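Notes for the one structure printed next.
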Amino acid sequence: MDQTILKIGAFEATYTCKAIAFLVGIIAHRSIFIYGEWHLKAVAVLQAHLAIWAVILFPASRYLGAVGALQEGSLIALAYATGLFGSISVYRTLFHPLRHYPGPLLARMTKLWHVVRCLDSKNYVVMEEMHKKYGDFVRTGPNELTIFHPDTLVTIYEGNRNPFTKPAWYDNLRPYTGLNTHRSKLQPTALASYQPNVTTHADCLANLIEEQVGKPVVVNQYFYWFSWDVMGQLAFSKSFGMLEEGKWHYAIKMLRKGLELVGPFTPVPWLTRVAFAVPVLDTVRNFLKMEDWCARRMDERISVSSYLIGWSAKHDRLTKDLHTLYGDSIALIIAGSDTVAYTLVYIFYYLAKFPSELEKLRQEQKQEGLTDMHDFRKLQALPHLNGVINEVLRLHPAVPTGGLRETPAEGFEIGGRWVPGNTLICAPRWTISRLESCFVQGNDFIPERWYSKPEMILNKKAFAPFALGAYYCIGKNLAYMEMQYVVSSLVSKFDVRFAPGEDGKGVVDDMVDQFTAAPGQLRVVFEKRKDVVV
Ligand code: HEM
């Protein structure tokens, strides 16, 4: 009898507990979670909630039994969650400074809508839709505006003292830090020293293609092997040897699988932290293995530079310096490989699609008397070659939507509108650099607009494939050098056409956006050039 009374009393007590839990949820939002950034503490926050829950369950089980305690405990947790998320949703929908901007209803409350929309890693398509539906200023997250106004790229990036900062996403590699936090650019003067790395690998690429002339090949892998081998040499002083061996290196395969994580998880940095802490997904495990692999290669490399370790240890910063080096190597090889390979794939897509473009490049080589492709000064000055490269960078920017920035605390004017402080700004290059208001026939491939038809560029501000300002791409000059050399030398040696059954549609339709983009497969046939070589 006593037990039954106790049980009824306990159940009644949980009504009070649920009401309190609901209130605590609201207070937690209003007094704690509304302030600051929480992504780096996401795991600790989840652990703390689980611990508090366990503390409630334990004494309750004495009166309610294990099943009853679990049942009531879950309802108390639900009451807390309702208070917390209810308060968050009401605030974000009705009171947030961005409440007047249009956008999807769910986006006002949570960025998880974006994760769901990006499960197929097609963020650039999602952004294009947003633009068509809502216009130039779209609220794509509780605290995020996506702005399609052509001034945006210049406003958020340009200038060494630009007040916009890099937001939470850039913490994803922590505890490693990379070139995105400390900056040393590859100077044009140093560029000459990278030439042998580029030319040796590009010549190896030409040999590999020569072995396959007349046969249909998936050209993607060749350009990826090339750019990864170049970056392996740059980051670890050791090529991955893929061009020589004619196959993928296991670490790069792992890394490319790991990058699949980036597409869907990019919109919500805290989710990435949780995924890293509880690596149940295959792609997360691959990403972590890849990080570890890069760290080991860097360890091997610096073991020959014991002075560096000695200096760091003496100044009590060994761990910090090592984390920076590990982060650097990861940032370098991802940022430098995927981008160049992706651009090369699209350049050859257009050359196969429009044979006249191949001819124009050859005519240019002939007119300029370009017999030695190692003449980088001449390559840099070829108008059509660089027109082709720029036009591909415009139509297919290798970072199509990524590179968000945060407005300074006092707010900032963008595209004629005032944007509140600490707002995340996304400026999707994919859409902006195709705007008809900025480029005549914006969706068409017209390399001449970059030299003989400047009237076809109405607003150059819409073109920033390497970003701008203090955080512009450190590899820009190297990237141009790689592309100029590879395109010129392959064009001088081979004809290229679509393989039987290929129409090039897949290379565009199957493209994925994983911060850097990856194209769909492109099948082409290379033939030895038949006319006289210049
Ligand atoms: C077609 C080729 C390339 C394109 C289109 C490209 C584009 C970009 C863009 C847009 C950014 C800024 C990203 C941001 O705002 O977070 C960037 C950053 C960066 N790029 Fe490149 N890049 C290319 C090639 C390279 C190469 C060859 C290297 C290697 C030397 C490289 C290394 C980096 C690094 C280390 C960063 C810094 C990342 C950061 O600050 O977050 N990139 N690149």
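Counting residues that are over 30 Å from T146 (Cβ atoms) and of a type in the set (S, T, Y), which helices (runs of 4 or more DSSP H) fully inside region 429-534 reach at least 3? Quick ask: steps written out before the conclusion?
Values: elements: 429-432, 476-493, 505-509.
Once the helices (runs of 4 or more DSSP H) in region 429-534 are filtered for at least 3 residues that are over 30 Å from T146 (Cβ atoms) and of a type in the set (S, T, Y), what remains is 476-493.
Residues to consider are F439, F463; find the one that is under 30 Å from L205 (Cβ atoms) and in contact (Cβ under 8 Å) with a residue 24 or more places away in the chain. Lay out the reasoning, then the answer.
On the way: F439 fails: under 30 Å from L205 (Cβ atoms).
So the residue among F439, F463 that is under 30 Å from L205 (Cβ atoms) and in contact (Cβ under 8 Å) with a residue 24 or more places away in the chain is F463.
Which of the residues spanning region 513-534 are within 16 Å of the ligand (Cβ to nearest atom) and β-branched (V, I, T)? First the steps, then the outcome.
Filtering region 513-534 for residues within 16 Å of the ligand (Cβ to nearest atom) gives 513-519.
Hit for region 513-534 is T516, nothing else.
Of the conditions (1) at pLDDT 85 or above; (2) within 30 Å of F148 (Cβ to Cβ); (3) surrounded by 14 or more Cβ atoms within 10 Å (Cβ to Cβ), H39 clears all except one; give me its number.
(1)
Where residues in region 502-534 are of a type in the set (V, I, T) and crowded, with 16+ Cβ neighbours inside 10 Å, which of them is modelled with the lowest pLDDT?
Step one: of region 502-534, the residues of a type in the set (V, I, T) are 507-508, 512, 516, 524-525, 532-534.
Adding the requirement that they be crowded, with 16+ Cβ neighbours inside 10 Å leaves 507, 512, 516, 524-525.
Working: V507: 96, V512: 94, T516: 91, V524: 98, V525: 98.
Ranking the qualifying residues of region 502-534, first place goes to T516.
Return yes or no: is F226 within 26 Å of Q380 (Cα to Cα) and crowded, with 20+ Cβ neighbours inside 10 Å? Before you say what the answer is, go through the steps one by one.
Details: within 26 Å of Q380 (Cα to Cα): yes; crowded, with 20+ Cβ neighbours inside 10 Å: yes.
So F226 fits the description; yes.
Which one of these is farther than 30 Å from P142 by Cβ and either surrounded by 11 or more Cβ atoms within 10 Å (Cβ to Cβ) or modelled with pLDDT of 75 or more (or both): A10, A21?
Details: A21 fails: farther than 30 Å from P142 by Cβ.
Answer to the check: A10.
Condition first: within 11 Å of the ligand (Cβ to nearest atom), outside any helix (DSSP H, G or I) and not basic (K, R). Now tell me which residues in region 154-173 satisfy that.
F164, P167, N172, L173
List every residue pair whose Cβ atoms sit under 6 Å apart, with the two residues 6 or more apart in sequence or on different chains, where the first one lies in region 66-81 and is in the same structural domain as V24 (by TED's automatic domain parsing) and the second, anywhere, is part of a helix (DSSP H, G or I) and of a type in the set (F, W, Y).
A77/W53; A79/F22
From R405, R362, which residue is more than 16 Å from the ligand (Cβ to nearest atom) and at pLDDT 85 or above? Reasoning before the result, please.
On the way: R405 fails: more than 16 Å from the ligand (Cβ to nearest atom).
When all the criteria are applied, what remains is R362.
Any chance region 369-385 includes a residue that's more than 24 Å from C426 (Cβ to Cβ), modelled with pLDDT of 95 or more and within 12 Å of the ligand (Cβ to nearest atom)?
Within region 369-385 (the criterion being more than 24 Å from C426 (Cβ to Cβ), modelled with pLDDT of 95 or more and within 12 Å of the ligand (Cβ to nearest atom)), the answer is no, since none of the residues qualifies.
Identify, by number, the condition in (1) out of contact with any Cys (no Cβ under 7 Å at 6 or more places or on another chain); (2) buried (at least 20 other Cβ atoms within 10 Å of the Cβ); (3) under 21 Å from L271 (Cβ atoms) that T140 doesn't meet.
(1)
It is to be established whether one or more residues within region 486-501 are surrounded by 18 or more Cβ atoms within 10 Å (Cβ to Cβ), within 16 Å of the ligand (Cβ to nearest atom), aromatic (F, W, Y) and touching a residue at least 24 places away in the same chain (Cβ under 8 Å).
Checking region 486-501: not a single residue is surrounded by 18 or more Cβ atoms within 10 Å (Cβ to Cβ), within 16 Å of the ligand (Cβ to nearest atom), aromatic (F, W, Y) and touching a residue at least 24 places away in the same chain (Cβ under 8 Å).
The values are calculated or read from the model by the stated rules, or taken from the named source; none is laboratory data. No experiment lies behind these values; they were computed from the predicted model shown. Note: ideal-geometry Cβ built from the backbone for every residue, glycine included; neighbour counts use all protein chains shown.
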